[in-house]
Every structure is written in C-alpha cells, then in structure tokens.
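K.L.:
Here it is: the structure, laid out below.
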Amino acid sequence: MRYAANLSLMFAEYDVMDRFKKAAEAGFTHVEMLFPFHYDLDQIERELKANGQTMILFDTDAGDFAGGDRGYLCHPDKQEQFHQSVKDAIAIASRLGTTLLNALAGKIPQGVSFAEARATAVENLKRAAPLAEDAGIVLMSEGLNSVQTPGYFLDTSTLGFEIVDEVNSPAVKFQYDVYHMQIMEGNLIDTIKANVAKIAHIQIADVPGRHEPGTGEINYPNVLKAIEESGYDGYVAFEYVPLGGTETGLDGWIPREQRGNG
C-alpha cells in the first residue's frame, strides 16, 4: 500500500510551506494538496526537493473555492475556461513531477438540466484526454457528497464510473473518496473491488467529522485490506481533518514506517 499526506487538511497547525518538512518528519515521502498555484511554486519546488518528496496530485482551478465553488467541469458556459484550466495544471504538474490531476465537477448551474451537465462533463473530459495522454498524466474527477455540498453534480461512484466508460481514455479515471462515498452510498468494499480499474486515486477520512480513521463508523482495517487485495496500485491519501495535533492523530492509527511506502 502506498500512502500520501494531504497538506491542505493535515498539518494545518503549521504555515503552508512548513507542512512539507513536518510531513517528511512524520514519515511521508508523497504528498498532495488542493491548489499549489495559490502559493509560490518556486518555493514549493524547493520544499519538495529539500524534503525528498513527490507531489502526486493536486486539483485544477475550481473557481472561488472559499466562496463555495467546487469546479466547473459540468458547466456548459465554462468549457473554454475548463480547457484552459487543464492546460495550466498540466504545465504546473510538469514542474512538480505530478502525474494525477483532479478536476472537480462543480454544482449544476441554475437552469441547466442534469442531462446537459452530464453531457458537458463528458465532452470536456473527451477534449482534455489527449492533453493528459500526451503529458503522461491521469485526469480525474472526484465524487463529493451532495449532503454537505448541495447541488454537486458528481455525487455517486456509479455516475463517475459511467463517465469514465463513456470517455474511454486511459488518461481519464475516477477519484474515489471513501469519506464522501460512505455518506452517499456505502458499500465501499464491493464497489472498489468491482471498479478498481476505473479508480486512479483514493482518499480517506472517517465519518462523521472527516477525521482520521478509527474515529467514526468506517471499518478502516477491513477497507484498507480490501483495497490492497483488489490489485489497486495507486496511492491512498490521508485527506482528513485531525481531531487534535496531526502527528498525535497519525501515531494513534498508523505506524510511522508504513507512511512512506512507494
């Protein structure tokens, strides 16, 4: 199993640029974050190199995230903006050594039908697929729960897998977030095992609260064992909000020597 730390949620008790070192001290050789282009990319490159880390994933531009935007993959009137966001992200990925990009699907715009939003998402991904293929990158879209993000388009794995099939590119996959899918549909183990070839990245947090494994209702020993047995060869990223200090929370559920594999 290969693990990574999400530096947007974890180690948040430290300044952003200090989180790389803190993650390395905690045993992580692989990290991810939401939007590295909101910071000094030169400094991020230096931190990655200094700490012997690889940034495996980040998100493409998602609009006004702090204001509630969650991407625009499904927005018919933002198709050129989406295409440019993928181009921009690929350029940054080449600097950081990143091979996974997550394009959030967005909330269905007012006056747009579900069918139109779905068709737009498929069209956008088909158009972006050759760019990702040429760059050696896998472009994904993540399912988020629509309980906490009302109106979010891509809120089930079933829809995500259907879109992956329709786009039909080795460079377009689904990002499976266990936290969100537990809220929306459960049936985690069977779903992952049956669709592992369509999943390029997995993120984890417990329900409720989005805290570390072992704090909620998900049987993470069984889920992680099933992921490993499924043949999944990607990363499992810790995208959770620690209940207390990040290091203390980690020590409570996963040995340090397991965190840097891969």
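Here, each number is a calculation from the coordinates, and none is a lab measurement. The shown structure was predicted, so the numbers you read here are calculated from the model rather than taken from an experiment. Don't worry about glycine lacking a Cβ; one is built from the backbone with ideal geometry, like all the others, and counts go over all protein chains shown.
K.L.:
How about region 1-86: which chymotrypsin sites (Phe, Trp or Tyr not before Pro) there are in a DSSP loop, with at most 10 other Cβ atoms within 10 Å of their Cβ? Could you put the intermediate results ahead of the total?
P.N.:
Details: sites: Y3, F11, Y14, F20, F28, F37, Y39, F58, F65, Y72, F82; in loops: F11, Y14, F28, Y39, F65, Y72.
Within region 1-86, no chymotrypsin sites (Phe, Trp or Tyr not before Pro) qualify (loop, at most 10 other Cβ atoms within 10 Å).
K.L.:
With label points built 7 Å along Cα→Cβ from the Cα atoms of F114 and Y39, find their separation and express it in nm.
P.N.:
Spacing of the two 7 Å Cα→Cβ label points: 3.8 nm.
K.L.:
Sticking with this structure for a sec: Given charges of +1 on the Cβ of Lys and Arg and -1 on the Cβ of Asp and Glu, with all other atoms neutral, how large is the dipole of region 29-182 about its Cα centre, in debye to the nearest 20? List each step's numbers first, then the result.
P.N.:
Working: 11 positive and 22 negative charges, 22 e Å.
Dipole magnitude for region 29-182 comes out near 100 debye.
K.L.:
Oh, and also: The list (1) 14.9; (2) 12.6; (3) 13.3 gives values of mean projected area of the Cα convex hull in nm², and only one came from this structure; which label was calculated from it?
P.N.:
(2)
K.L.:
Mean residue ellipticity at 222 nm from the helices of the chain, using -39,500 (n - 2.57) per DSSP H segment of n ≥ 4 over the full residue count, to the nearest 500 deg cm²/dmol? Mind showing how you got there, number by number?
P.N.:
Working: 9 runs with 99 residues, N = 262.
It lands at -11500 deg cm²/dmol.
K.L.:
Between K49 and S230, what length comes free when the chain is fully extended (0.36 nm per residue of separation minus the Cα-Cα distance, one decimal in nm)?
P.N.:
Working: separation 181, 0.36 × 181 = 65.16 nm, distance 3.25 nm.
In short, 61.9 nm is gained.
K.L.:
Go through region 1-108 and name the GluC sites (Glu not before Pro) that are in a DSSP coil and have 16 or fewer other Cβ atoms within 10 Å of their Cβ. It would help to have the intermediate numbers written out before the result.
P.N.:
On the way: sites: E13, E25, E32, E45, E47, E80; in loops: E13.
Taking region 1-108 and a limit of 16 other Cβ atoms within 10 Å, the loop GluC sites (Glu not before Pro) found are E13.
K.L.:
Restricting to the chain, what percent of DSSP beta bridges are antiparallel, rounded to 5? Please list the in-between numbers first.
P.N.:
Numbers: 2 of 28 bridges.
Antiparallel: roughly 5 percent of the beta bridges in the chain.
K.L.:
Continuing with this model, one more query. What pairs from K173/K193; K87/K193; K173/K225; K87/K173; K21/K173; K78/K173 go past 26 Å between their alpha carbons?
P.N.:
Values: K173/K193 15 Å; K87/K193 32 Å; K173/K225 22 Å; K87/K173 18 Å; K21/K173 31 Å; K78/K173 21 Å.
Over 26 Å apart, Cα to Cα: K87/K193; K21/K173.
K.L.:
Test of the criteria: in region 182-262, which GluC sites (Glu not before Pro) are in a DSSP loop and have at most 12 other Cβ atoms within 10 angstrom of their Cβ?
P.N.:
Working: sites: E185, E217, E228, E229, E239, E247, E257; in loops: E185, E217, E239.
Passing both the DSSP loop test and the Cβ count: E217.
K.L.:
Report, in whole Å, the centroid distance computed from the Cα atoms of region 189-262 and region 10-76.
P.N.:
Cα centroid of region 189-262 versus Cα centroid of region 10-76: 19 Å apart.
K.L.:
Please name whichever of F114, L9, N261 sits farthest to the positive end of the charge dipole of the chain, dipole taken about the Cα centre and charges placed at Cβ: Lys and Arg +1, Asp and Glu -1.
P.N.:
So the residue furthest toward the plus end is N261.
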